[in-house]
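The values are calculated or read from the model by the stated rules, or taken from the named source; none is laboratory data. Please read these numbers as outputs of a predicted model, since none were measured by experiment. Don't worry about glycine lacking a Cβ; one is built from the backbone with ideal geometry, like all the others, and counts go over all protein chains shown.
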Amino acid sequence: MKIAPSILSCDFGRLAEEVEAICKAGADLVHVDVMDGHFVPNLTMGPMIVKAVANASSIPLDIHLMVENVPFFVDMYASLKPEFISFHVEEEKHINRVIEQIRSYGIKPAVVLNPATPVSFLEYIVADVDMVLLMSVNPGFGGQKFIPSVIEKIKELRELGSKKNPNLLIEVDGGVNDKNAKMLKEAGADILVAGSFVFGSKDYKKAIDSLRG
């Protein structure tokens, strides 16, 4: 199980220190939520801030785009060479084209499903991506309550992946904590995103280890 703390919940006044702290605490990825105020009702960080995160990090970035005009943002962040760039299927009309755009930069493409978007939406694209991110809250803000129905979605996605993309990684984001991490792992999740649970704790390493199980 890999853990990707979401810096959406960190102390932005101490951004570099916070990024360094989760790296030292054993995080596998730094999850970066990019929001444009249009696709979701919140604004987060632009490329200069994300570049500062990349400079402070000793582990790969995992950039989650919650934006309109996805191709524009892919071009904007590709130079930072994250391990993953993920985008929402609910927004993009030409999904395969964007997958290829991301891959052309040497970055692993991933797609994201909101809580109400069915796994069946991915039937004809799941073979073309490296990862699927399942939202277990409605995107836009940190600290929200976990939506339990994502457990069944993970199982359904794992079954689809076993048929069409055995190497598919499943990431879960939203309300993840030490109470539901084991269920998520047993359902088939490979990567857990946790923001407030990690950054709200006094001991980042202990919080990360508790999620890993």
So is residue 98 under 18 Å from the mean Cα position of the chain (by Cα) and more than 30 Å from residue 20 (Cβ to Cβ) or not? yes
State which residue pairs qualify: first residue within 16 Å of residue 123 (Cα to Cα) and inside the stretch 71-96, second residue assigned to a strand (DSSP E or B) and at pLDDT 95 or above in any location, beta carbons under 6 Å apart, and separation of 6 or more residues or different chains. 88/112; 89/111
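Here's the yes/no breakdown for (1) surrounded by 21 or more Cβ atoms within 10 Å (Cβ to Cβ); (2) touching a residue at least 60 places away in the same chain (Cβ under 8 Å); (3) touching a strand residue (DSSP E or B) at 6+ places or on another chain (Cβ under 9 Å); (4) in a helix (DSSP H, G or I):
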| position | (1), (2), (3), (4) |
| --- | --- |
| 148 | no, no, no, no |
| 151 | no, no, no, yes |
| 154 | yes, no, yes, yes |
| 177 | no, no, yes, no |
| 182 | no, no, no, yes |
| 198 | yes, yes, yes, yes |
| 201 | no, no, no, no |
| 210 | no, no, no, yes |
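For the stretch 100-139, how many residues meet the condition of being among the small types (Gly, Ala, Ser), in a loop (DSSP other than H, G, I, E, B) and free of Cβ contacts under 8 Å to residues at least 12 places away in the same chain?
Residues of the stretch 100-139 among the small types (Gly, Ala, Ser): 104, 106, 110, 116, 120, 127, 136.
Pick out the ones that are also in a loop (DSSP other than H, G, I, E, B) and you get 106, 116, 136.
Subset that is free of Cβ contacts under 8 Å to residues at least 12 places away in the same chain: 116.
Looking only at that region, the number is 1.
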Sort out which residues of the stretch 163-213 are touching a Pro at 6+ places or on another chain (Cβ under 9 Å) and within 23 Å of residue 21 (Cβ to Cβ), and write them in order of number. 173, 174, 193, 194, 195, 197, 198, 199, 204, 207, 208
Out of the residues in the stretch 44-76 meeting the condition of being under 25 Å from residue 113 (Cβ atoms) and charged (D, E, K, R), tell me which one is surrounded by the most Cβ atoms within 10 Å (Cβ to Cβ). 62
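Do we find that residue 42 is at pLDDT below 95 and on the phi > 0 side of the Ramachandran plot in this structure? It would help to see each step written out before you state the result.
Values: at pLDDT below 95: yes; on the phi > 0 side of the Ramachandran plot: no.
Judged against the criteria, residue 42 is not a match.
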Subset of the stretch 5-23 [within 19 Å of residue 213 (Cα to Cα) and either surrounded by 20 or more Cβ atoms within 10 Å (Cβ to Cβ) or touching a Phe, Trp or Tyr at 6+ places or on another chain (Cβ under 8 Å) (or both)]: 5, 6, 22
Which one is modelled with the lowest pLDDT, of the residues in the stretch 103-144 that are among the aliphatic types (A, V, I, L, M), within 23 Å of residue 43 (Cβ to Cβ) and crowded, with 21+ Cβ neighbours inside 10 Å? 135
